[in-house]
1. Please work out which residue is surrounded by the fewest Cβ atoms within 10 Å (Cβ to Cβ), limiting yourself to the stretch 90-116 and to residues that are within 21 Å of the chain's Cα centre (by Cα) and among the aliphatic types (A, V, I, L, M).
2. So the check is Cβ under 7 Å with 6+ separation or different chains; which pairs have a first residue in the stretch 75-87 that's part of a loop (DSSP other than H, G, I, E, B) and a second one that's of a type in the set (Ser, Thr, Tyr)?
3. Which of the residues spanning the stretch 124-176 are closer than 30 Å to Val54 by Cβ and modelled with pLDDT of 85 or more?
Amino acid sequence: MRRRTAHVLTATALTAVAFTGPVAAADLGMVGFAPGDFATLEVWPKSAAPGATVTVNTTACGPGSHADGDATTVGGGRFKLVPGTHKEVVVGQFQVARGTRPGTYGIGATCANGKFATGDLVVTERGPQGHVNSGVGGGTTTTTDPAKIAAGAAVLAVTAVGGTWLLRRRASGTRS
């Protein structure tokens, strides 16, 4: 439990530093950060429900590099970012834990070159579960009655024959 708390606090501190900038980092005693050390971590989808898989990427690490990601704030743990299809981009994935509450969470990545990338993930409420009662019903039922089907077919047949007889009679001009 102690380790999880440390991860949450570390992620929170990195997110706070990312939003306040390098000057505030120096004020907090975190030296070694320079302008440009923090880059954007693109998060897709930007909002996800608990249990969803999220993909992140960044160009901060440089061509052919790699990074270590941190999604402990949403129960996704640590994950690897590796070179993607575009050689200047590193890509990684994690899964949002099922018990994660709705809100905005910071996700971070530390590149092999020492740069950091941060992004936000909005966790939404879980969508509807199970069957939806829309009132439309299915196309078939388990209680089909052959007598009702035969009666319906007979009514359609009589209507077709009667309609054809009336049209032919009208076309011939007889009225008897």
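1. Among those that are within 21 Å of the chain's Cα centre (by Cα) and among the aliphatic types (A, V, I, L, M), it is Ala97.
2. Gly75/Thr100
3. Correct list: Thr124, Glu125.
The values are calculated or read from the model by the stated rules, or taken from the named source; none is laboratory data. From a predicted model like this one, the values you see are computed outputs, not experimental measurements. Note: ideal-geometry Cβ built from the backbone for every residue, glycine included; neighbour counts use all protein chains shown.
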